[in-house]
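Written below as structure tokens is the structure these notes are about.
The numbers here are math on the coordinates, done by the rules we state, and not lab data. Because the structure is predicted, anything quoted here is derived from the model rather than measured. All Cβ positions, even for glycine, are placed from backbone atoms using ideal geometry, and neighbour counts span all protein chains on display.
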Amino acid sequence: MLLLLALPLLALLSLPLVGLLGRSSASEVWLALANPAVHDALVLSIITSAITVALCIVLGTPLAIWLSQGQHPWATMIVDLPTVLPPAVAGLALLSLFGRTGWFGSHGVLIAFTTTAVVIAQLFVAAPLYVRATVVALNAIDDDIGHAAQIDGADAWQVWRFITIPLAWPGIQAGIALALARALGEFGATALFAGSLPGRTRTLALAIYVAAETEPAAAIAMSVVLLFTAMALLFFMKNNTVVG
């Protein structure tokens, strides 16, 4: 009975993806990737997403550690807000700060509609996912383990290096995968804040949107690439879940 009730939603979630795969062959995917415009969009997506993930780790880890060590409701709300914010609002918010008429623009720092803007837009939406996953992983560790190690003579750095980080690492890896998936799929904020300039700000997600009307076969092929990427990242996350 429960399965019958669940089938409609399962069908809605799965059939469109099956249909997408059915409309594109491996040769069409390779042909699309051989297109210089598609190749440029793919390379740009990989480079900007890699930079975004690196920034998530460097900037997000200290924030996650701080959030895990106490109650910080306002900071937590600020971190979580981008995950529920409409993409258009996120793009306009970034434009209002970094745009030509924003604070940075008024001081001669032009960031909007550049590759840097792509990274900032991706970081804005992806970093909260990494921070949240890392906080959950850190909070899942029993404090008694670290205390016991300190009693045995370990200093704070040794506790972090040999106990905290290894125990939290599966959750951190899941956060990295989430951030990477979000960065690769980012569309709305990037479109408003960075635009869709070929070779400069047009990521694979934006290239799919542009090709959807003029080159539907290429759009489908690019979508299949992102679909398999998402599936691979999902599989990775399922095998690197937080224990607790």
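Apply the Debye scattering formula to the stretch 91-215, with a single equal point scatterer on each alpha-carbon and no solvent, then give log10 I(q)/I(0) at q = 0.22 Å⁻¹. At q = 0.22 Å⁻¹ the computed log10 ratios are -1.11.
On C-alpha positions alone, give me the angle between the axis of helix 87-98 and the longest principal axis of the chain, in degrees, nearest 10. Around 80 degrees separate the two axes. Helix 36-68 and the longest principal axis of the Cα set of the chain meet at an angle near 20°. Local charge for Pro128 was computed over the other residues whose Cβ lies under 10 Å away, with Lys and Arg +1 and Asp and Glu -1, and equals +1. Each principal axis of the Cα cloud of the stretch 1-75 was evaluated for its coordinate range; sorted largest first, these ranges are 51, 50, 16 Å. Please give the net charge around Val210, taking every other residue with its beta carbon less than 14 angstrom from that of Val210, where Lys and Arg add +1 and Asp and Glu add -1. Every neighbour counted, the sum reads -1.
Per-peptide packing, taken as the mean over residues of other Cβ atoms within 10 Å, places 174-180, 196-202 in the sequence 174-180, 196-202 from highest down.
Calculated mean residue ellipticity, 222 nm, the chain: -25500 deg cm²/dmol, from DSSP H runs (n ≥ 4) at -39500 (n - 2.57) each, averaged per residue and rounded to 500. Packing order of peptides 73-81, 133-141, highest average first: 133-141, 73-81 (average count of other Cβ atoms within 10 Å over each peptide's residues). The equivalent ellipsoid that matches the C-alpha gyration tensor of the stretch 15-138 spans semi-axes of 31, 23, 14 angstrom, in descending order. Alpha-carbon geometry of the chain: the Rg and the Dmax are 20.8, 67 Å, given in that order.
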